[in-house]
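These notes are about the structure you will find just below.
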């Protein structure tokens, strides 16, 4: 793809590397690297908060019967775990990576709209303060599930308006972040970097940003209708007034399904950067990857009702949503085969980023296959609301999205800090995580197929064994993430100097032409791309 | 910082210096949102917190826009930045379109699925037998329980050919006047620019005034309120959010008008004018959708 002209880079050296000092550097930040760092640290903190909730859930599910928490609090944990992990951990981590890497990859000095960039970050800590503070109000935290289906969600206590407004704030933050990504990529590319020379991480983020702008306002509309139904007497979801609670599900999943791809497309981009580097081959089928990403994004708008096959839709509706959902397997298959073919006859090495990318490839595909099973409407009647669904989306989100984020962090961390990290420690993190994540989630397939319902704190004794296995896997997985933090802290504090290329390979992309750590202002003059 | 390229210097990138307004805005949103939540749940200090939130938000808008306008007038932004602003504004308007799409979607769903199904259409023939005996949902409807302010549950709708038709004419005319003003700006005819921009602002506020009068009539005489079943819900949420957008757009046009009076904008550099004009055309187009699907059909 892109090779920078070294002459242009000398010009960049003349640029001042002056950083603002003190807390103002972070509060008033306009630098894409500072804002990216804040996003990543925030995402990591939220990952541990959401993870702690998951640990309590697994603790409660270790044995049948009620042991530690009351059912209402359990419901709050399930609901908040989802909201925190989706909107607080995975999405901000991707935006952080976008902030750090997109300007470096396209040869830009910064994001196109740096102040809005800062605004979109700083809204998030306040939004989550609002959301999590609801745990301390009368009635506890939001407990109707992250999907907020009425009429259940309308029965919440003081947490209800706090949740709704927190979602409004998160949505505003996402829309601003997405506008910034699109404008940066469309307007800030170095001369010569045509769209089909764009690194795939930028491509997948460009399409993700489009999805975000298209669907976050729809979520805002949906929760606004909940709010007015609750406080201002509207009848959107009330059949007595001519509305329909199922209508909420349609509007919600019109947002929700593209949201699923918002959570995975940047992961595809990261993996598409890493596998070629450690295969020492260019990516197989670059153009096909771009078109496949765009196809997935398009299809994401016409599959939403597969989340609600059992609500009583007309047969024609079920058939349409079943077929369109299965079509997604085609572009996704193109991607999986392209990654595999990239490795074919490559000179492979297994540094931590590559290990996580490979685990992503295998484990995300498992999640993809269980998704195909769920897409079959008549079979879904059986799977709906069981642990099979939980196993499915955790496979695509944890060893899928989260592993890709970790792969990205391990790939670019030396570029950020200027220091290599302990490969041994990182590989320990990889192996413990990968084994435990399967111990955690694979048995949930069995539980679901056997009929264990999701979102219920107690279960029939026949489900005990696999729940215990799953919980043990969960505790090990949770603890092993401390290794991840250890590696990051170690690399931030010091260690062997990283070279500009970092890896013992020829990684493609402009980010490898600047020194490690990347200078505070990367490209004040545009590099030339050949 | 070392970046201070002027608009003539288009080869250099421009990075704005740090700004206190984003973090100020985050605090403002937090105060506003917690104030709103507490007000809705009936907490004692909710309204005062909500009021403080509004004060902070207006302070934010005033200060942040003042900074940007001053920087723009000082020639800080080059053509590259101008293009970023244009793209940003276009995508923002797209997000607004999608926000309205959610409410239009609710309207279409309620009319084409929810009401027919409540009346027993398709495979739902047992619904009116078991749940709402004899209900025939014909638009405009406030549902089987006739939810609404009047004791008998009846309500009337606003006919499309009355004030809504006048309002359509007003908004379409205002789209024309803002375009004439734009052409005048490009042709350096400041007198025509000032007049037609002011005309646009006045047409906008006249629209809002007529809408408010219609709302008053609906609430007091027609039995049509936000709580009048699904018809009242979709009617007031769609036209209400639109009216809010018209108000915001008219205020933005007014700010642009004051800037014109101060001699801001040149024939080839006037992003703020164009951004507001795009926004104005957007609320115009949304109104046409409202006129057709809410008032007329």
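The values are calculated or read from the model by the stated rules, or taken from the named source; none is laboratory data. A quick note: this is a predicted structure, and the numbers were derived from the prediction, not measured. Cβ sites come from the backbone with ideal geometry, for glycine too, and all protein chains shown count toward neighbours.
The set of residues in the stretch B:98-123 that are at the interface with chain A (Cβ under 8 Å from one of its Cβ atoms) and surrounded by fewer than 17 Cβ atoms within 10 Å (Cβ to Cβ) comprises B:122, B:123.
Considering (1) farther than 22 Å from residue A:416 by Cβ; (2) surrounded by fewer than 21 Cβ atoms within 10 Å (Cβ to Cβ), the lone condition that residue A:471 does not fulfil carries the number (2). Of the residues making up the stretch A:216-229, at least one is within 30 Å of residue B:128 (Cβ to Cβ), more than 7 Å from every other protein chain (Cβ to nearest Cβ), touching a residue at least 12 places away in the same chain (Cβ under 8 Å) and in contact with a helix residue (DSSP H, G or I) (Cβ under 8 Å, 6 or more places away or on another chain). For the stretch A:154-170, the criterion of being at pLDDT 95 or above, in a helix (DSSP H, G or I), more than 7 Å from chain B (Cβ to nearest Cβ) and under 30 Å from residue A:524 (Cβ atoms) is met by none of the residues. Here residue A:119 clears all of (1) out of contact with any strand residue (DSSP E or B) (no Cβ under 7 Å at 6 or more places or on another chain); (2) modelled with pLDDT under 95; (3) within 14 Å of chain B (Cβ to nearest Cβ) except the condition numbered (2).
Regarding the stretch A:297-314, can at least one residue be identified that is in contact (Cβ under 8 Å) with a residue 24 or more places away in the chain, in a loop (DSSP other than H, G, I, E, B) and within 30 Å of residue B:109 (Cβ to Cβ)? There is at least one residue in the stretch A:297-314 that is in contact (Cβ under 8 Å) with a residue 24 or more places away in the chain, in a loop (DSSP other than H, G, I, E, B) and within 30 Å of residue B:109 (Cβ to Cβ).
Only one entry in B:74, B:37, B:28 is within 30 Å of residue A:228 (Cα to Cα) and more than 7 Å from chain A (Cβ to nearest Cβ), namely B:28. If you go through the stretch B:75-86 and keep only what is crowded, with 20+ Cβ neighbours inside 10 Å and closer than 22 Å to residue A:174 by Cβ, you end up with B:84, B:85. With respect to (1) without any contact (Cβ under 8 Å) to a residue 60 or more places away in the chain; (2) within 14 Å of chain A (Cβ to nearest Cβ), the lone exception for residue B:155 is condition (1).
Each row is one residue, and each column tells you yes or no for (1) part of a helix (DSSP H, G or I); (2) over 30 Å from residue A:25 (Cα atoms); (3) more than 11 Å from every other protein chain (Cβ to nearest Cβ); (4) modelled with pLDDT of 95 or more.
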| site | (1), (2), (3), (4) |
| --- | --- |
| A:143 | no, yes, yes, no |
| A:191 | no, yes, no, no |
| A:201 | yes, no, yes, yes |
| A:207 | yes, yes, yes, yes |
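Based on this model, can you work out whether residue B:90 counts as touching a helix residue (DSSP H, G or I) at 6+ places or on another chain (Cβ under 8 Å) and closer than 30 Å to residue A:129 by Cα? So residue B:90 does not fit the description; no.
Entry remark, the stretch B:207-234: residues being assigned to a helix (DSSP H, G or I) and in contact with a helix residue (DSSP H, G or I) (Cβ under 6 Å, 6 or more places away or on another chain) number 8 in total.
Residues that are more than 21 Å from the chain's Cα centre (by Cα) and free of Cβ contacts under 8 Å to residues at least 60 places away in the same chain were ranked within the stretch A:346-380; the one that is farthest from residue A:309 (Cα to Cα) is A:373.
Can we say residue A:520 is part of a loop (DSSP other than H, G, I, E, B) and over 29 Å from residue A:201 (Cα atoms)? Judged against the criteria, residue A:520 is not a match. All of A:279, A:235, A:272 fail the test of being over 21 Å from residue A:92 (Cβ atoms), crowded, with 24+ Cβ neighbours inside 10 Å and more than 7 Å from every other protein chain (Cβ to nearest Cβ), apart from A:272.
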